[in-house]
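Contents: one structure, followed by commentary.
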Amino acid sequence: MSMQTISIMDYIGTFAFALSGAYLAIRYELDIFGIFVCAFSTACGGGITRDVVMNVGVPRFFSSYTTIMIVIVASLLAIATKSEKWSKLMLTADAIGLAVFAIDTGVRGLDNGYNLPQLVFASVITAVGGGVIRDILLQRVPIVLRKEVYASAALAGAVVLWFIYPIMDKMVATYISLAVVFGIRMWSVYKHIDLPVVHLDTSESAQ
Amino acid sequence: MSMQTISIMDYIGTFAFALSGAYLAIRYELDIFGIFVCAFSTACGGGITRDVVMNVGVPRFFSSYTTIMIVIVASLLAIATKSEKWSKLMLTADAIGLAVFAIDTGVRGLDNGYNLPQLVFASVITAVGGGVIRDILLQRVPIVLRKEVYASAALAGAVVLWFIYPIMDKMVATYISLAVVFGIRMWSVYKHIDLPVVHLDTSESAQ
Amino acid sequence: MSMQTISIMDYIGTFAFALSGAYLAIRYELDIFGIFVCAFSTACGGGITRDVVMNVGVPRFFSSYTTIMIVIVASLLAIATKSEKWSKLMLTADAIGLAVFAIDTGVRGLDNGYNLPQLVFASVITAVGGGVIRDILLQRVPIVLRKEVYASAALAGAVVLWFIYPIMDKMVATYISLAVVFGIRMWSVYKHIDLPVVHLDTSESAQ
């Protein structure tokens, strides 16, 4: 993969996640600073967490002003439009962010010789970590634990990438993996597919 | 301590914590992916947090596939049994995990020349960090803040280890410290001992 | 800035934050261990998070026993006084902690060649990170998202510092920046100033 393609993917994911974070903050009636914090956490929280855990030094986020400018623009755009008539568009943007962050991280991981657990962990944490931090801040049960195909779509794409990246054209392998994440996510959104739930045998109530 | 004994302790703690995390997830009616995330967070969250804060490089968790396999097996076992008739067994397993993670980390810390605050912090965060992350994800007030002797048992064991490890046989010191954590924890469970609570003098309500 | 002045500032901020964390824990009826955890998280959580994210090695917190002693003393003082008759004093102490942690980190950051996003992130996370961790543990919506001028005061001070520190006497620049954070925060407390809230155009209820 050319560095340039990866960077563009990164920016698209950042913009999509920042926008979705900002809209959610507006829905929760946060003040303008809260909207920005929420957009920033959603867009940058996953990547910063990955860089901290994988010990790559100062998180890549800090190496340029571009990311923070994207977050600011997305926040202002959300404030200016103040509407959810694009909520379907937002679900699509969020799925794009999910796919881009998972596979972008996966490609970098493979280039750095990650083993499978490292690759899966880094991809999934980058893709869903920002949303988890945002949900914790907003006191919601995090998106990864709600009954939805979300993190599992990122995980599936990372595993596919792990197997096909070494044996085919890198560009093609990347696009296939992106399509796996995006496809699974959008398919579950439109079909309302959830993963199965296991029920306890006892009738004891939750603690 | 032989490296092998430490590894076996590590695996037992991982299994016990993963099992308890998975059972809790089932009680909260999470889907199968959520059960795995919950088992993983409980079993590995403390150790990863410790490795990140103590700056040891890429967390030890990622150096082998063994840990993740243990988490998967424990999750499947919880799903297969789907019952809480072993809830007393689980409390015991959890106490074993607490003792093993605290003292395992303490021994490694002493071998690496930690000072007392570093040793106590690393031991306690490893022992209770996974449970805290799990509780935050499930939107429960974390276990360390609920009225129970839990983190304080890990702390007591770490302090005991700090004093006796340099002056006696390392194996004996390790087992004594393990017994301190496990004993205090089980004793508080069976006697329903809580730490004292301080009450405000004012009659003002909570903010 | 002399290293000594910075250290004294650090200690004052630690004491103020630990005291406010301990009082909050008492109000939430936590046990004595919970009070200490809450004081510790409030006072040290921001600095440890900053050191972990900015990859400075083992967090500075662990390099001496002084900080932990300050936290213990503050916790005991809160337990001994058990009263909120000083709640106005606490708001002032908290504002001092906010200013000191933000600008102390900013000065160190400038001495280490941070760019603006790094400086702002490090300053704000140090100043508000401890409070955010405390609020997450206590299951409250974090202070940065509530309708108050809080993190934005730290941010304003960091930006002012960034512009004036290179062009004037370092001591004067530091005190001006401290005054900016403290002044904005206290002014908003006494005038009950909040940042503006953006409202959605739709009448849809929150998800």
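Here, each number is a calculation from the coordinates, and none is a lab measurement. Values in this document were obtained by computation on a predicted structure and should not be read as measured data. All Cβ positions, glycine included, derive from the backbone under ideal geometry; neighbour counts span all protein chains shown.
At a glance:
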| item | result |
| --- | --- |
| Candidates A:Ile167, A:Ile48, A:Ile68: whichever shows maximal mean-square fluctuation once chain A is modelled as a Gaussian network with Cα springs under 10 Å | A:Ile167 |
| 29 Å Cα cut-off, lysine pairs counted over chain A (separation 8 or more, or different chains) | 7 |
| Chain B - mean residue ellipticity at 222 nm from DSSP helices (-39,500 (n - 2.57) per run, n ≥ 4, rounded to 500) | -24500 deg cm²/dmol |
| Spin-label model distance (nm) - A:His192 vs C:Val58, 7 Å beyond Cα toward Cβ | 5.6 |
| Estimated distance in nm for a label pair at C:Ile8 and B:Leu77, the labels positioned 7 Å out from Cα along Cα-to-Cβ | 5.9 |
| Most mobile listed residue (B:Tyr175, B:Tyr190, B:Tyr165) in chain B, GNM with C-alpha springs under 10 Å | B:Tyr190 |
| GNM flexibility winner over chain C from C:Gly129, C:Gly183, C:Gly45 (Cα, springs under 10 Å) | C:Gly183 |
| FRET efficiency, A:Phe163 to C:Leu91 (Cβ-Cβ, R0 60 Å, nearest 0.05) | 0.55 |
| Sequence-distant residues sharing a close amide H with B:Val144 (under 5 Å, placed H) | none |
| Helix runs (DSSP H) in chain C reaching 15 Å along axis by Cα, Kyte-Doolittle at least 1.0 | C:32-53, C:66-81, C:116-137, C:151-164 |
